[in-house]
Amino acid sequence: MSSIAIIGAGQAGMQLADSLRRGGFEGSVILYGDEGSLPYQRPPLSKQFLLGDLEASRLNFRPIAHYEKLAVTLRLDCAVTQVDLQTRTLAMANGEQAAFDRLAFTTGARVRKLALPGAEDPRVCYLRGITDAQAIRERLATARRVVIIGGGFIGLEVAAVARTLGKEVTVLEAQTRLMPRVVAPVVSAYFEAVHNQRGVRFLLGESLTALAPTSSALGLTTASATYLEADLVVVGIGVHPNLELAAAAGLPCEGGIVVNEFACTRDPTVVAAGDCTWQRNILFERPHRLESVQNAVDQAKVAAASLLEKPVAYSQVPWFWSDQYDVKLQMVGISTGFEAAIVRGNPETGAFSVFYYLGERVLAVDSINRPAEHMAARRLLASGGLLAKELAADPAADLKTIIEKN
Amino acid sequence: MPKITYVDLDGAKFECEVANGLSVMEGAIANMVPGILAICGGSCACSTCHAYIDEAWSAQVGAANDIEDATLDLANERRPQSRLTCQIQVTPTLDGLVVHVAKND
Ligand SMILES: Cc1cc2nc3c(=O)[nH]c(=O)nc-3n(C[C@H](O)[C@H](O)[C@H](O)COP(=O)(O)OP(=O)(O)OC[C@H]3O[C@@H](n4cnc5c(N)ncnc54)[C@H](O)[C@@H]3O)c2cc1C
Ligand code: FES
């Protein structure tokens, strides 16, 4: 019998433990976490939970009995501080040590922080975990003016919630359009309009240069010398992968812990999955990091298979969603490097898709309030992504049938 | 609390009390019904909470909306009785509901 240690009790860690047992592993499985809570879902933290529509108890993926049934040992308040791959031992923050035979890193990511004097003020909040979301929720109850730094998914979802709660909301984004790294300009423009109609104010191409906390407000100054005041600032400017532990153990790291398509690090008995990984995946030309539920789950399954010595290559097409007000954005594929963005449908109707092409191949599709097109696109990308541009552009062409025939 | 009976792929029955307001998926997870995976946590994005509504309950449960209907296309072995359990809210009228878990992995 051997033992497997999983460091990080989030979505990927819980899936990995589950998949090991499903795969018939009978040795010991220990899941180490440092948040003190059972593995829970993060997506609602910037959506229903923040709005107050969901109790915290409903965030857990599984009840504690599930882990007992699987005989997975939970150490949920137990940060791992050191890993020694030679002696096969790990050390915990409380001074304990434990031996392992095989190891998984599912350490996730942590928020990037503002590097400005005054940013330690408690009215400057970040959003990654449940305690962050609870703090923002509490402050939202009394705040009148909310400023969001960063016009990415998290920033915009928080903006939508704050606006729905009747707050005065301003969003600062350093680039000149929203979600600039992930969506085409037409999608950025659509979301800008959606938020504008609901009364959100945008300062695009603007960054924060100074923060002056006073007892009554936070004074914010931007690069163009615009001054505004806030009762609450929520910062959503991206994450750092938690790779330091793996790096200190001697494993190669770049924009995350480097893994191959089998979720293996350089040491084949050590895997990594989820937000903490930098993937060199055969499906994609460039290495990348994905921060999504889909990736955490699918990569954890691949990692488990590798630990069980029944390797399967990661071949799942990435997908993602974001809810802002009643608008549902669903994405599939990775659009990086696209040459043409073909719009299907009319953005003015509030329902359309964008097909991102490189040559004749579809790399990715974003769908706004077009769930059927999103699902058809998932099939399309799973089967190679070949679709004539005229068909992509023609809302009357029945994608589902065309893709099934391919 | 309404009682819901989940029948897993092997035919095993799980009779569970599920609080009003929770989803049928959440009832399955809380009671560790095998086969309901729910990896997207009820966001109607993954289809791994797929089940078949017992014929006797079709009318009370009703039909899927557009998003669910689209997501169901990802499910294994979709049938007329197919629903995503995360999209069905437990209410007093569903007391006695029987659902058959589909093949979700
Ligand atoms: C607010 C928010 C909204 C989101 N919305 C969506 C969405 O709509 N759709 C979507 O697909 N994705 C969404 N995501 C992303 C998704 O939640 C993440 O990609 C997913 O949680 C990644 O899972 P993970 O297990 O890799 O990392 P995490 O969930 O971050 O889990 C890692 C865990 O490891 C712990 N840990 C780290 N280091 C150690 C250590 N040394 N010892 C012990 N424990 C350690 C961390 O504290 C954490 O609990 C959202 C994320 C956030 C924060
Ligand atoms: S839980 Fe994902 S679709 Fe129901």
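The values are calculated or read from the model by the stated rules, or taken from the named source; none is laboratory data. These figures come from a predicted structure and were not determined experimentally. Cβ coordinates were reconstructed from backbone atoms using ideal geometry, including for glycine residues, and neighbour counts include every protein chain displayed. The accessibility values were calculated without ligands, DNA or RNA, using every heavy atom of the protein model including side chains. Shrake-Rupley method; radii C 1.70, N 1.55, O 1.52, S 1.80 Å.
Return the residues of the stretch A:117-154 that are closer than 21 Å to A:Gln11 by Cβ and out of contact with any Phe, Trp or Tyr (no Cβ under 7 Å at 6 or more places or on another chain); say none if nothing qualifies.
Within the stretch A:117-154, A:Tyr126, A:Leu127, A:Arg128, A:Gly129, A:Thr131, A:Gln134, A:Ile136, A:Gly152, A:Phe153, A:Ile154 qualify.
Go through the stretch A:183-204 residue by residue and tally those that are under 18 Å from A:Gly238 (Cα atoms) and touching a Gly at 6+ places or on another chain (Cβ under 8 Å).
Going through the stretch A:183-204 one residue at a time, the tally reaches 1.
Where in the stretch A:329-406 are the strands (runs of 3 or more DSSP E), entirely inside, with at least 3 residues that are touching a strand residue (DSSP E or B) at 6+ places or on another chain (Cβ under 7 Å), within 14 Å of another protein chain (Cβ to nearest Cβ) and buried (at least 20 other Cβ atoms within 10 Å of the Cβ)? Write out each step before concluding.
On the way: elements: A:340-344, A:352-358, A:361-368.
The qualifying strands (runs of 3 or more DSSP E) are A:361-368.
From the list A:Asn281, A:Asn295, A:Asn242, pick out the single residue that is open to solvent by less than 50 Å² (accessible area, probe 1.4 Å) and within 16 Å of ligand 2 (Cβ to nearest atom).
A:Asn295
Suppose we filter A:Arg58, A:Arg62, A:Arg42 for residues that are within 16 Å of ligand 2 (Cβ to nearest atom) and crowded, with 22+ Cβ neighbours inside 10 Å; which single one remains?
Result of the check over A:Arg58, A:Arg62, A:Arg42: A:Arg42.
So for the stretch A:104-113 (the condition being hydroxyl-bearing (Ser, Thr, Tyr), touching an Asp or Glu at 6+ places or on another chain (Cβ under 7 Å) and either within 16 Å of ligand 2 (Cβ to nearest atom) or open to solvent by less than 20 Å² (accessible area, probe 1.4 Å) (or both)), does at least one residue qualify?
No, the stretch A:104-113 contains no residue that is hydroxyl-bearing (Ser, Thr, Tyr), touching an Asp or Glu at 6+ places or on another chain (Cβ under 7 Å) and either within 16 Å of ligand 2 (Cβ to nearest atom) or open to solvent by less than 20 Å² (accessible area, probe 1.4 Å) (or both).
Which of (1) surrounded by fewer than 17 Cβ atoms within 10 Å (Cβ to Cβ); (2) within 14 Å of another protein chain (Cβ to nearest Cβ); (3) at pLDDT 95 or above does A:Ser37 not meet, given it meets every other one?
(2)
Which members of the stretch A:137-179 meet the condition of being hydroxyl-bearing (Ser, Thr, Tyr) and under 21 Å from A:Thr221 (Cα atoms)?
Start the filter on the stretch A:137-179 by keeping residues that are hydroxyl-bearing (Ser, Thr, Tyr), which leaves A:142, A:164, A:170, A:176.
The answer is A:Thr170, A:Thr176.
Which residues, taken from the stretch B:64-94, are over 26 Å from A:Pro43 (Cβ atoms) and open to solvent by 70 Å² or more (accessible area, probe 1.4 Å)?
B:Glu77, B:Arg79, B:Pro80, B:Pro92, B:Thr93
Give me a count of the residues in the stretch A:87-107 that are farther than 17 Å from A:Pro268 by Cα and either within 30 Å of the chain's Cα centre (by Cα) or of a type in the set (A, V, I, L, M, F, W, C) (or both).
So the count comes out to 8.
Could you say which residue among B:Leu37, B:Leu97 is surrounded by 22 or more Cβ atoms within 10 Å (Cβ to Cβ), touching a Ser or Thr at 6+ places or on another chain (Cβ under 8 Å) and at negative phi?
B:Leu97
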